[in-house]
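The values are calculated or read from the model by the stated rules, or taken from the named source; none is laboratory data. Note that this is a predicted model, so its numbers are computed, not measured. In this analysis, Cβ positions are derived from the backbone assuming ideal geometry, glycine residues included, and neighbour counts consider all displayed protein chains. Only protein heavy atoms, including side chains, enter the accessible area calculation; ligands, DNA and RNA are left aside. Shrake-Rupley method; radii C 1.70, N 1.55, O 1.52, S 1.80 Å.
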Amino acid sequence: MVPRYLCCLALTLLVSSTALARDHDHPRSRSATPHAVKNEEERQTEYWINKGQNILAEKLAHHEKLNTNKAKNIIMFLGDGMSVHTVTATRNLMGDSSKQVYFETFPYFGLSKTYCVNRQVADSACTATAYLGGVKGNYGTIGVNANVPRYDCLAGQNPEFWVESIAKWAQDAGKDTGFVTTSRVTHASPAGLYAHIAQRGWENDAEIEDAGCSSVDNTDIARQLVEWEVGRKMKVIMGGGRRNFRNETVNDEEGMAGKRRDGRNLINEWLEDKKRINANASYVWSRKGLSLVDLDKTEYLMGLFSSSHCPYHGDLERSRIALANPSLSEMTEAALKVLKKNENGFFLFVEGARIDMAHHDTRARKSLEDTEEMAKAVAVAREMFSEDDTLIVVTSDHSHTMTINGYPYRDQDITGLAADLADDNLPYTILSYANGPGYYSTYGDRGRKLITTKDTENAKFEYLATVPLDSETHGGDDVGVFASGPYAHYFSGNYEQTNIPAMMAKAANIGPFASVGA
């Protein structure tokens, strides 16, 4: 009879050896062929030593000569839902993990905390109030403090609870302002610039009425953009959302019906307002229309390129609609050409909104494509304006639940399958989500489904998820903040999201934070 302690020892060794096998050489590996090294230089110690020395030299150079010039211009880029994982995965989409997304080359980086006053995991409304106004509010509310509960019919219209944005501070300082987004221009993130409202969904009067509130007592977001002070002064408004500006009995330029019920055409009212002040204003609805505008002579530009949100960037080519729809980088360049004429400078907000929407659908490939396009827009801005007088800040409002897993080889496409099989002898994806519609790609009546490379090559593929939800949720982790230009060093460290507008305002000497530390 074998002694009991020897049985235990044998079992321990078996478990340990199995664990080691899974750590270093998965027993269900799908590939026995050695994968090539991406860069042969990486085999050499000297390569990494030299790389470290170069990075250290760059850091020392930046710290020895801090840029303390007054920021004439501020350009803020928001990758909606652009988690740290999203940025990391985009590097691989660009070709390799060693790549840098353009804004990762910026000299200063920090992390911001994204919670709302009443929620651990935030939405794009309460976060917009934080990173644009410096005040945290309740989930689902825009431009108001936490005294305003979501859906409150009256509280959001009380000026005592309003939060001014950095766009207002810039306008008060004589700067021009504008924004570009791939969402509706009345969506939560851009609305944080100019709106004060208890419910982010009240983009038109019909939505207010359908919620049981009065559209007379409550001014919808589209009207606030056209009628109220900060919105009226916006020199550039570009994105989607035509439906919120026209009545439901009126079709837009592409045959889509409006959503309003008050009979108003807010686009015409916007043009009439600019005519009253004798300003050169243009409204466009297509890429061709935008290309025909004389941006050097244009004072006000409104571009509404879709009834709802603008298309995903990757779909511009896949769906052959690139000739009809401008990209985010093209809209950004046009906006900057309009705004650069002001001698006092400008504030521009640019949102890559559909990064977030693709994550909600667990369509990771589309999210990464839109992240890469936003990085291109950042490069356009940085190349157009000097670091000497223009501060560029790139950040996100919140994260998502996508993760990167499975020990993939360096030369594997991150949007594909992991190198090894799971314990059920089925493949799984390198990218996956904690929840969302991808659950139905993951599980069937008999357990986990078979996923193939052909599936993951489809841009509409919904990546694996563990909890069934019709829309994947946001994540609660901190998000990155990348900065370049005057006082960019302020943005290092870990801080509240509300610190972001404070630091931008201090760099430009505008708003309530201008005198802090003076």
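Assuming R0 = 25 Å, what is the FRET efficiency of Glu248 and Tyr151, from their Cβ-Cβ distance, to the nearest 0.05? It comes out at approximately 0.65.
Within the range 361-454, the trypsin sites (Lys or Arg not before Pro) that combine a DSSP coil assignment with at most 11 other C-beta atoms in a 10 angstrom radius are Arg446.
With viscosity set to 0.692 mPa s and temperature to 37 °C, compute the Stokes-Einstein D of the chain, Rh being the Kirkwood radius across alpha carbon pairs; µm²/s, no decimals. Walk me through the numbers before you get to the answer.
Working: Rh = 24.6 Å.
Using the Kirkwood radius from Cα pairs, D works out to 134 µm²/s.
What does the highest-first list of 269-282, 473-486 look like by mean Cβ count within 10 Å?
Details: 269-282: 13.9, 473-486: 22.1.
Sorting 269-282, 473-486 by mean packing, highest first, produces 473-486, 269-282.
Would you kindly work out the equivalent ellipsoid of the range 240-396 from its C-alpha gyration tensor and give its semi-axes, the square roots of five times the eigenvalues, largest first in whole Å?
Working: eigenvalues 132, 116, 36 Å².
Largest first, the range 240-396 gives 26, 24, 13 Å.
Can you give the Rg to Rh ratio for the range 192-254, taking only C-alpha atoms and Rh from Kirkwood? Walk me through the numbers before you get to the answer.
Numbers: Rg = 12.1 Å, Rh = 12.5 Å.
On the Cα set of the range 192-254, Rg over Rh gives 0.96.
Counting only DSSP H runs of at least 4 residues, each contributing -39500 (n - 2.57), and dividing by the residue count of the chain, the helix-based mean residue ellipticity at 222 nm comes to -9500 deg cm²/dmol. Leaving ligands, DNA and RNA out of it, report the carbon-plus-sulfur percent of the accessible area of the chain at a 1.4 Å probe. The nonpolar share, carbon plus sulfur, comes to 51 percent.
How about the range 319-379: which GluC sites (Glu not before Pro) there lie in a loop by DSSP and see at most 16 other Cβ atoms within 10 Å?
Details: sites: Glu330, Glu333, Glu343, Glu351, Glu369, Glu372, Glu373; in loops: Glu343.
Taking the range 319-379 and a limit of 16 other Cβ atoms within 10 Å, the loop GluC sites (Glu not before Pro) found are Glu343.
Binning the alpha carbon pair distances of the range 159-298 at 10 angstrom intervals from zero yields the distribution 11, 41, 37, 10, 1, expressed in whole percent. Residue pairs exceeding 25 angstrom between C-alpha atoms, taken from Lys274/Lys340; Lys168/Lys506; Lys168/Lys259; Lys235/Lys460; Lys70/Lys113: Lys168/Lys259; Lys235/Lys460; Lys70/Lys113.
Would you please report the Å³ per residue occupied by the convex hull of the alpha carbon atoms in the range 135-176? Could you put the intermediate results ahead of the total?
Working: hull volume 3.2 nm³, N = 42.
Dividing the Cα hull volume of the range 135-176 by its residues yields 77 Å³.
Lys59: which aspartates and glutamates have alpha carbons under 18 Å from its alpha carbon, excluding same-chain residues fewer than 8 sequence positions away? Those aspartates and glutamates meeting the cut-off are Glu104, Glu387, Asp388.
A 1.4 Å probe run over the range 137-213, with the rest of the protein chains in place, finds 29 Å² accessible per residue. Largest first and in whole Å, the equivalent-ellipsoid semi-axes of the range 379-483 read 35, 17, 12, each the square root of five times a Cα gyration tensor eigenvalue. The residues of the range 423-478 present an accessible area of 54 Å² per residue when probed at 1.4 Å with all protein chains retained. Shown for the range 443-513 is the translational diffusion coefficient from the Stokes-Einstein equation, using the Kirkwood radius over Cα pairs, a temperature of 20 °C and a viscosity of 1.002 mPa s: 128 µm²/s.
Hey, what does the equivalent ellipsoid look like for the range 121-195, semi-axes from the Cα gyration tensor as sqrt of 5 times each eigenvalue, largest first, whole Å? Intermediate values should be presented prior to the final figure.
Values: eigenvalues 79, 44, 22 Å².
They are 20, 15, 10 Å, listed from largest to smallest.
The largest accessible area among Phe161, Phe109 belongs to the first residue in Phe109, Phe161, and the rest follow in falling order (1.4 Å probe, all chains). For the range 62-128, taking the reciprocal of the average inverse distance between every pair of different Cα atoms yields a Kirkwood hydrodynamic radius of 15.0 Å.
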